[in-house]
Structure formats: structure tokens, C-alpha cells
Amino acid sequence: MCASAATKYPENCVEFMKWFTSPEKAPVWMSEVFGIQPYNVDKLTAEQKAAIDEMYQTEPVIWEALNASAKKASVELFSQARYGYTARWDAQKRLIISALNGEMEVEDVLKQIDLEVNQSM
């Protein structure tokens with residue numbers, strides 16, 4: 001998470017970042033959005049695992065959410081999500097213009113976007 005150095009509202013950015021990463025909000029974000037890349041803990045050294053275990057003790061609520069997200073993460077899920085996001089953005093760029101120009105009905109645009117996302121995954 002970052003803010004532009006040129007922002008006119010740095011205090012607001014800091015306030016939002018603190019709110020977003022708070023112990024109350026971070027678990028919600030992490031458990032719903034698959035915010036962790038897939039990884040294989042078995043490939044870590046004992047020293048690396050001990051360092052991770054030590055970090056877990058610092059903020060248990062946040063780390064529990066991170067662990068829940070990590071358990072959901074898999075290479076397959078991550079790949080599907082990327083394909084889905086890419087398809088959605090590509091479809092939106094094309095199709096929303098059609099709706100705005102009156103070439104397609106909004107409902108048809110939304111159905112087509114969903115169809116393209118489903119096909120991509």
C-alpha cells in the first residue's frame with residue numbers, strides 16, 4: 001500500500017492506511033481477497049520457520065488472518081484469479097463503452113463480462 005508523494009492530503013492517506021491495516025480490518029481483507037502468494041513451507045529451513053513462528057507471536061489476530069488466506073492460496077487458484085481479473089478488465093474496457101454509447105443494454109454488457117470471465121477460468 002502506498003500514497004503518492006504529491007498528494008495534497010498526506011494526513012488522510014496515513015489515516016486510511018492505519019484504518020485499513022488495523023487488527024479489525026486486515027483480517028477481513030486477507031481472508032476474503034486471497035492476498036497471499038502461494039508458497040511451500042516445507043522448502044523453508046528450520047531457521048526460517050523459527051523466524052516466522054516468532055513473528056506470529058507479535059500480532060496473533062493479523063497472523064491468523066494471513067494464515068487463513070495462505071491456506072486458501074494455491075497455484076491453481078492464483079492462476080484462475082489472474083485469468084479472471086485479466087478477462088474482466090479487458091471485457092470492461094471494451095463493453096462498458098458499448099453500453100455508454102447505447103450499442104448494448106447494460107444488462108447484456110454485464111452478462112457478457114461474466115461470460116468472458118467464466119470462460120477464461
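Accessible area ranking (1.4 Å probe, heavy atoms, ligands and nucleic acids excluded), largest first, for Val14, Val117: Val14, Val117.
Rolling a 1.4 Å probe over the protein heavy atoms leaves Asp42 with an accessible area of roughly 130 Å².
Across Val41, Val28, the residue with the most accessible area heads the list, and the full order at a 1.4 Å probe is Val28, Val41.
The Cβ shell under 13 Å around Lys49 holds other residues with a net charge of -3, Lys and Arg each +1, Asp and Glu each -1. Take Glu107: with every protein chain present and a 1.4 Å probe, its accessible area is about 110 Å². When all protein chains stay in place and ligands, DNA and RNA are ignored, the 1.4 Å accessible-area order of Tyr85, Tyr56, largest first, is Tyr85, Tyr56.
The values are calculated or read from the model by the stated rules, or taken from the named source; none is laboratory data. Remember, it's a predicted structure, so these values are computed and weren't measured experimentally. No Cβ is skipped: glycine too gets one built from the backbone with ideal geometry, and neighbour counts run over all protein chains shown. Each accessible area value is taken on the protein alone, full model and side chains, heavy atoms only, with ligands, DNA and RNA left out. Shrake-Rupley method; radii C 1.70, N 1.55, O 1.52, S 1.80 Å.
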